[in-house]
Every structure is written in C-alpha cells, then in structure tokens.
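The values are calculated or read from the model by the stated rules, or taken from the named source; none is laboratory data. Note that this is a predicted model, so its numbers are computed, not measured. Cβ sites come from the backbone with ideal geometry, for glycine too, and all protein chains shown count toward neighbours. The accessibility values were calculated without ligands, DNA or RNA, using every heavy atom of the protein model including side chains. Shrake-Rupley method; radii C 1.70, N 1.55, O 1.52, S 1.80 Å.
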Amino acid sequence: MAIYELDRPYPSEMSAAVSREIARRGYQPIVQQTSGSKDDEIMILQKVTSQLCDGMIFSPGQVSDEELRALSHGKPMVLLDDISPDPVFDSVNTACEDGSAAAVHHLIDIGCKHIVVVGPSYDMLLDDKMASSVVGRRMTGCLRAFEEAGVDVSSRNFLPLRHWDPIPSREAAYRLLDSDDYRDADGVFCLTDTIAISFMRGLADRGVRVPDDIALVGFDGVTESEYAVPSLTTIRTDLDDLARKAIDLLLDRVNANVGGTGSDPSADTASDGDLAFPDSPQRLTAAWELVERESTRR
C-alpha cells in the first residue's frame with residue numbers, strides 16, 4: 001500500500017485499517033509513503049511492482065493513468081479516490097461530494113446564516129485538474145448544498161489555505177476573525193478534521209467559543225475528533241468498510257492473475273497481466289455518516 005503521508009491522523013488510520021484487513025486475509029502488508037511527490041510515486045511503483053508482491057493499493061497524486069498502466073507491469077492494483085474520466089483500475093472512493101453537502105446542510109439546519117468553508121479557494125473549480133481532486137469534489141458538495149438551500153455564494157463563503165497543516169489552519173482562524181469579509185461567520189466547515197481541530201484552537205486563542213459563537217464541522221472522523229474540546233462534529237468515513245472493499249477488489253484481480261488461487265505470490269503474471277486491467281473498472285464508495293458532537297450542539 002502506497003499512501004501520500006503517514007504522519008497525519010487520517011491517512012495513518014486508513015493505512016492501519018487496510019493493514020489489519022490484509023493481515024486478516026492471510027497476507028503480509030507493506031506500507032510506504034509517497035509524500036505527494038511524483039518522483040517518489042514512480043520510484044515506489046517501480047520498486048513494488050518488481051518485487052514478489054501480489055498486488056497494490058495506491059493513492060495517486062501526481063502520476064497519470066498512462067503512467068500507472070505502464071508502471072504496474074500487469075500487477076493488480078486498486079486506487080483510492082481516483083475519479084479519472086477513463087479509469088484503468090478499480091477504485092474505492094470517499095464520499096467527498098455527499099459528505100461535504102451533508103456537513104453544510106447540517107450547519108444550515110442548526111441555524112447558521114453565514115457559513116465559511118475552510119480549505120479551498122472560491123475559484124478552484126475553474127481548474128479542471130483541481131475540480132476532479134478530493135478537495136475539488138468536496139467543494140462541489142458544498143456548492144451543491146448552498147444551491148439546494150438557496151444560499152447566494154461568493155468568495156466570502158471560502159477561506160483558502162495554502163498548506164493544509166496545523167499552523168496555517170490555526171492562523172486561518174485569525175484571518176477569519178480579522179477580516180470584514182468573514183467577521184459575521186457563524187458556521188465553519190473545514191475540509192479535514194486536522195484543519196478543524198487546529199482552526200478551533202485558533203478560535204480559542206481569540207476567546208471565540210465553539211459552538212456558542214461559531215459552529216464547526218470537520219471531515220474524516222479521525223480519533224482525535226472525538227476527544228477535542230469541544231468534541232468535533234464530523235463526516236466520518238468508515239475505514240473498515242473502505243478496507244474491506246479495497247481488499248475484495250484487489251484479491252479478485254490477484255486470484256484471476258494466478259489462476260484463481262491467489263496463494264502463489266511468485267506466479268508468473270506476465271502472460272495474463274491484462275487481467276489486471278479490468279474492461280469495466282469498478283468504483284465503490286466507502287460508507288460514511290455525519291457524527292454530531294459538541295461543536296454544533298447549541
């Protein structure tokens with residue numbers, strides 16, 4: 001399994017869930033970090049596909065569909081959050097659009113009048129590549145919810161972050177409070193829980209109370225969200241469900257490549273490697289739920 005980063009709560013917890021499911025099926029997991037670098041992604045793909053591994057779960061960031069096909073060398077692969085227009089491999093996605101729409105609707109339902117989405121810029125969807133990314137799809141869900149609620153949307157509804165790290169997220173709370181454009185904000189949706197928890201700390205620095213002054217929702221459902229003060233309302237991805245679906249898809253391809261047994265990692269897959277490229281790749285979505293906690297209970 002190759003994931004973009006292992007020092008953040010969500011990808012770390014996701015990697016652990018997938019590793020548990022792999023081990024439960026009798027296989028040995030190998031987890032590597034790509035760090036969002038194309039060079040690292042290519043190096044890992046080259047190294048892993050040349051080793052005696054049965055298959056790979058990969059979170060693509062920089063490599064293209066054509067590069068994935070070439071670098072896989074016929075080795076079975078399942079992608080995470082891939083929405084390529086012409087997909088090469090099976091994939092399991094998170095409910096970016098539906099989950100984000102549910103988060104915004106929740107803030108509207110509890111009475112928020114000026115909702116700010118922290119993470120994307122207002123004009124992000126003008127970039128076709130960004131529109132199909134995880135952040136772009138979450139932004140699309142927000143826009144859908146605003147439209148369904150009859151809310152007129154402008155740049156005042158989006159507070160962009162250059163880096164999705166704790167310090168910039170904490171400082172984003174200061175920017176929101178210091179800017180006339182955001183000063184009347186009473187509800188905030190952060191595109192990840194890590195952003196939300198750091199943002200909440202920034203609000204506390206300025207004496208702003210959650211949820212009394214500003215209600216707050218995150219996305220992912222990391223463990224820390226339950227133990228933050230106040231506890232964080234979040235869109236929780238069911239990581240065990242994601243892991244089961246990813247491993248089911250992968251082992252179907254592994255079994256096909258080794259004649260239906262899936263038990264011989266050293267089997268020669270070169271002759272029938274085309275089995276790794278499904279004619280109609282499946283796209284599954286991991287289960288999710290809105291978990292309401294103290295940060296939106298008024």
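Below are the figures for this structure:
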read-out: ASP54 vs. criteria touching a residue at least 12 places away in the same chain (Cβ under 8 Å) and more than 22 Å from the chain's Cα centre (by Cα); value: yes
read-out: Residues located in segment 97-120, provided they are assigned to a strand (DSSP E or B) and within 13 Å of ALA196 (Cβ to Cβ); value: VAL116, VAL117, VAL118, GLY119
read-out: Subset of segment 186-214 [surrounded by fewer than 24 Cβ atoms within 10 Å (Cβ to Cβ) and either at pLDDT below 95 or in a strand (DSSP E or B) (or both)]; value: GLY187
read-out: Test: residue in segment 76-83 that is in contact with a strand residue (DSSP E or B) (Cβ under 9 Å, 6 or more places away or on another chain), touching a residue at least 24 places away in the same chain (Cβ under 8 Å) and over 17 Å from ILE3 (Cβ atoms); value: yes
read-out: Hits in segment 161-185 (condition: outside any helix (DSSP H, G or I) and in contact with a strand residue (DSSP E or B) (Cβ under 7 Å, 6 or more places away or on another chain)); value: LEU161, TRP164, TYR182, ALA185
read-out: Residue count, segment 215-238 (criterion: open to solvent by 60 Å² or more (accessible area, probe 1.4 Å) and of a type in the set (Phe, Trp, Tyr)); value: 1
read-out: Qualifying residues in segment 218-248 (those that are assigned to a helix (DSSP H, G or I) and over 19 Å from the mean Cα position of the chain (by Cα)) - the one farthest from PRO9 (Cα to Cα); value: ASP248
read-out: Subset of segment 86-136 (residues that are open to solvent by 10 Å² or more (accessible area, probe 1.4 Å) and of a type in the set (Asp, Glu)); value: ASP86, GLU97, ASP98, ASP109, ASP123, ASP127, ASP128
read-out: Evaluation of ASP184 against (1) in contact (Cβ under 8 Å) with a residue 12 or more places away in the chain; (2) in contact with a helix residue (DSSP H, G or I) (Cβ under 7 Å, 6 or more places away or on another chain) (one fails), failing number; value: (2)
read-out: Breaking point among (1) at pLDDT below 85; (2) farther than 22 Å from GLN282 by Cβ; (3) part of a helix (DSSP H, G or I); (4) open to solvent by 30 Å² or more (accessible area, probe 1.4 Å), for ARG20; value: (1)
read-out: The one condition in (1) open to solvent by 10 Å² or more (accessible area, probe 1.4 Å); (2) of a type in the set (A, V, I, L, M); (3) modelled with pLDDT of 80 or more that ILE83 fails to fulfil; value: (3)
read-out: Pair list, Cβ < 8 Å and 6+ apart or interchain, from segment 23-36 residues that are open to solvent by 50 Å² or more (accessible area, probe 1.4 Å) to residues that are aromatic (Phe, Trp, Tyr); value: GLN33/TYR4; SER35/TYR4
